[in-house]
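The values are calculated or read from the model by the stated rules, or taken from the named source; none is laboratory data. Treat the numbers as computed from the prediction; the structure is a model and nothing was measured. In this analysis, Cβ positions are derived from the backbone assuming ideal geometry, glycine residues included, and neighbour counts consider all displayed protein chains. Accessible surface is based on the protein model in full, side chains and every heavy atom, while ligands, DNA and RNA are left aside. Shrake-Rupley method; radii C 1.70, N 1.55, O 1.52, S 1.80 Å.
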Amino acid sequence: MTKQLPLLPAVRPSGRQPVVLDERLRGTRFVSLPAKRVLNPPSATGMAYWSLNPYVGCEFGCSYCYARYTHRYVVERAHDAGKLTDAEFADYRGAHGWEAFESRIFVKEHVVGALEADLKHVPLGECIVIGTATDPYQPAERRFRITRAVLQRLMRCEGLSFGIITKSPLIARDCDLLVRLQERNELQVHVSLITLDAALARKLEARSPVPAARLRALRKLVDAGVNAGLIVAPVLPGVTDDVAHLDALCAAARDVGARFIHAGALRLYPAIRDRFLPVLGEHFPELVPKYERAYRGHGYAPRDYAKALSRRIERLRKKHGFNNQSAMFDRYRPARMPVQGELELRGSSP
């Protein structure tokens, strides 16, 4: 049974409205979220690294994004604390709890002060990943520059490992900071791309940058001396997991000088099934029953499928001259193992 949230008065005693920082013509609204903490420790996330997300919600609107639940939790906590009226709660949450993820973006203000305090608790040698639940270089970053402010503070760190994950060519703007960051720390920048097919990308990633723009940004990063590569995540079973598709991505990564390439199968958590499966049904209706069976009761791809996909990726890595540089990337993986299920890996070889 779904837990019912307590109803709040229609008007707060203070009468204070959420602070709207900006609004797009299409209705996307950017709202201030004062940040008391910005680093999420491994103990809170169950992951083997600290995570940092300058924004909550993402304009790119990728149908498969596993992070929609983070936005929902922020909105529900604000409602429980009396910071949102019932009407605002409905608007900032969406009818099913996931729609507003891409139209009501929270901007973490005062981020540097919060980061300063949080960094005191991060031991030497630990890993901090930026962009695990929202793209740190989504279009809002052009105005708010929260991610750039974070990097400027992190440049003073020494002996840490950093990862950055983004779909956006805007990351090339910060080449100067990234080069300086990796002088005293370990760094991997992952440019995310699941397909070279711009038409397919548009079906699955409503407002993401075109593939060619991301590859140009990756080239700029590498040419500047940044340790950058391609992350193919998620690989969509039956859609982008065939040999030809993955081989083309590996070749494109090699051609722009990528230092590494990594890949991982789709995570289909309950919070995103209602968003992704209708999109899958519109363009690949024959796959919907297979996804429903394979992901029933859990969010990870079946173990046998994940292992077969890893073998395929490894063969293609070697074919295109990529060494196995997954030591840092392995730290990004969840500690929990996927359960057994059925979902074949399409293609001419396992």
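Annotations for the structure displayed:
- Sole residue being in a loop (DSSP other than H, G, I, E, B) and either surrounded by fewer than 17 Cβ atoms within 10 Å (Cβ to Cβ) or at pLDDT 95 or above (or both), chosen from 143, 184, 219: 184
- Qualifying residue in the range 155-166 (condition: part of a helix (DSSP H, G or I) and either open to solvent by 50 Å² or more (accessible area, probe 1.4 Å) or over 17 Å from residue 257 (Cβ atoms) (or both)): no
- When the range 37-47 is limited to residues that are in contact with a Pro (Cβ under 8 Å, 6 or more places away or on another chain) and over 13 Å from residue 122 (Cα atoms), the one that is surrounded by the fewest Cβ atoms within 10 Å (Cβ to Cβ) turns out to be 46.
- Restricting the range 293-350 to residues that are among the hydroxyl-bearing types (Ser, Thr, Tyr) and at pLDDT 90 or above leaves a set whose member that is nearest to residue 239 (Cα to Cα) is 305.
- Tally, over the range 63-98, of residues that are over 21 Å from the mean Cα position of the chain (by Cα), assigned to a loop (DSSP other than H, G, I, E, B) and of a type in the set (A, V, I, L, M): 3
- Scanning the range 265-279 for residues that are in contact (Cβ under 8 Å) with a residue 40 or more places away in the chain and either out of contact with any Gly (no Cβ under 6 Å at 6 or more places or on another chain) or basic (Lys, Arg) (or both) gives 265, 266, 267, 271, 272, 274, 275, 276, 279.
- Evaluated against (1) over 17 Å from the mean Cα position of the chain (by Cα); (2) farther than 30 Å from residue 210 by Cα, residue 45 falls short on exactly one condition, (1).
- Apart from one condition, residue 212 fits all of (1) open to solvent by 30 Å² or more (accessible area, probe 1.4 Å); (2) farther than 25 Å from residue 68 by Cβ; (3) of a type outside the set (Asp, Glu); (4) not in a helix (DSSP H, G or I); the exception is (4).
- Verdict on residue 177 being without any contact (Cβ under 8 Å) to a residue 40 or more places away in the chain, over 16 Å from the mean Cα position of the chain (by Cα), closer than 27 Å to residue 46 by Cβ and open to solvent by less than 20 Å² (accessible area, probe 1.4 Å): no
- Scanning the range 109-129 for residues that are outside any helix (DSSP H, G or I), at pLDDT 95 or above and either crowded, with 20+ Cβ neighbours inside 10 Å or among the acidic types (Asp, Glu) (or both) yields a total of 4.
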